[in-house]
Amino acid sequence: MSADTATVLSLPFTGMWMAQNSPARRVPSHGVDLFGERYAIDFVAVDRHRRSAERRDWRTLVSTEPAERFRGFGRSILAPADGIIVDVHDGEADHEGRRSQLALVPYALGQAARVRQGLHAVAGNSVTIALQDGRAFVSLAHLRLGSIRVAVGDAVTTGQPIAACGNSGNSTEPHVHLQMMDRIDPTHAEGLPLAFRSFREWRPRSGRPYNVETGIPGERSIVEPLA
């Protein structure tokens with residue numbers, strides 16, 4: 001995938017976030033071609049030490065942890081492009097986080113059941129924006145319960161706060177999932193290539209950041225929007 005053929009968006013947050021399940025690593029980025037997520041990407045809020053949560057205790061090792069413990073939970077999520085809100089879903093609970101391998105095993109075993117339950121069991125709370133040309137749609141998922149600040153029909157501009165990061169749907173720790181699609185309904189959509197403009201990227205095993213004009217963050221790169 002080339003950034004030349006992708007829809008270019010702004011990163012939907014401020015501060016430092018780690019890219020996971022990046023289409024720069026593989027396509028389909030999430031390992032399956034379901035729900036329009038062929039080129040989807042996830043972002044987890046981190047600090048400069050690549051930590052998504054400052055606190056670690058016995059729960060980190062063997063159990064689940066409160067979502068509030070994680071750096072991203074409740075952080076503002078911004079519109080990545082100008083457009084019109086065409087779909088909003090709220091009402092899904094935020095789960096506890098899971099960093100422990102012991103807690104991740106039963107969660108992984110329940111993955112197929114969540115897919116059978118349908119879109120909202122996977123995406124959680126979400127917002128979908130139709131871009132100005134009406135031929136592409138960007139969806140943001142796993143939003144915090146009750147945090148969505150827009151309604152269907154609202155016009156939004158790039159950088160406008162629209163919700164907060166949560167841990168709803170198929171999510172093991174608070175993060176935001178972003179994808180481009182060719183139609184509103186992810187159950188019938190094809191995923192479309194995406195890229196981001198104007199960000200600083202710290203690549204794994206690299207001590208210095210790179211300024212990127214347009215590109216796709218690499219797997220486990222830390223990114224920060226440029227002012």
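The values are calculated or read from the model by the stated rules, or taken from the named source; none is laboratory data. None of the values given here were measured: they were computed from a predicted structure. Neighbour counts run over all protein chains shown; Cβ positions are idealised from the backbone, glycine included. SASA here: full protein model, heavy atoms, side chains in, ligands and nucleic acids out. Shrake-Rupley method; radii C 1.70, N 1.55, O 1.52, S 1.80 Å.
Taking residues in the stretch 39-58 that are over 17 Å from GLY166 (Cα atoms), and partners anywhere that are surrounded by 13 or more Cβ atoms within 10 Å (Cβ to Cβ) and at pLDDT below 90, the pairs with Cβ atoms closer than 7 Å and at least 6 places apart or on different chains are TYR39/MET1.
For beta carbons closer than 6 Å, sequence separation of 6+ or different chains, a first residue in the stretch 153-172 that is free of Cβ contacts under 8 Å to residues at least 60 places away in the same chain and a second that is among the aliphatic types (A, V, I, L, M) and not in a strand (DSSP E or B), the qualifying pairs are ASN170/VAL122.
Looking at the stretch 152-227, the strands (runs of 3 or more DSSP E) lying wholly inside it that each contain 3 or more residues that are aromatic (Phe, Trp, Tyr) sit at 194-202. Selection within the stretch 127-136: residues that are without any contact (Cβ under 8 Å) to a residue 60 or more places away in the chain and either in contact with a Gly (Cβ under 7 Å, 6 or more places away or on another chain) or open to solvent by less than 20 Å² (accessible area, probe 1.4 Å) (or both). The member of this set that is nearest to ASN167 (Cα to Cα) is VAL127.
All of (1) closer than 23 Å to GLY83 by Cα; (2) modelled with pLDDT under 95 hold for ASN170 with one exception: (1).
Among the residues of the stretch 195-214, those identified as open to solvent by less than 50 Å² (accessible area, probe 1.4 Å) and either under 18 Å from ASP42 (Cα atoms) or under 21 Å from the mean Cα position of the chain (by Cα) (or both) are ALA195, PHE196, SER198, PHE199, GLU201, TRP202, PRO204, VAL212. For LEU226, the conditions (1) open to solvent by less than 10 Å² (accessible area, probe 1.4 Å); (2) over 15 Å from ALA40 (Cβ atoms) all hold with the exception of (1). Please indicate, with yes or no, whether at least one residue in the stretch 106-126 is without any contact (Cβ under 8 Å) to a residue 60 or more places away in the chain, of a type in the set (S, T, N, Q) and crowded, with 20+ Cβ neighbours inside 10 Å. Taking every residue of the stretch 106-126 in turn, at least one turns out to be without any contact (Cβ under 8 Å) to a residue 60 or more places away in the chain, of a type in the set (S, T, N, Q) and crowded, with 20+ Cβ neighbours inside 10 Å. On the stretch given as the stretch 105-145, residues that are modelled with pLDDT under 90 and either at negative phi or in a helix (DSSP H, G or I) (or both) total 20.
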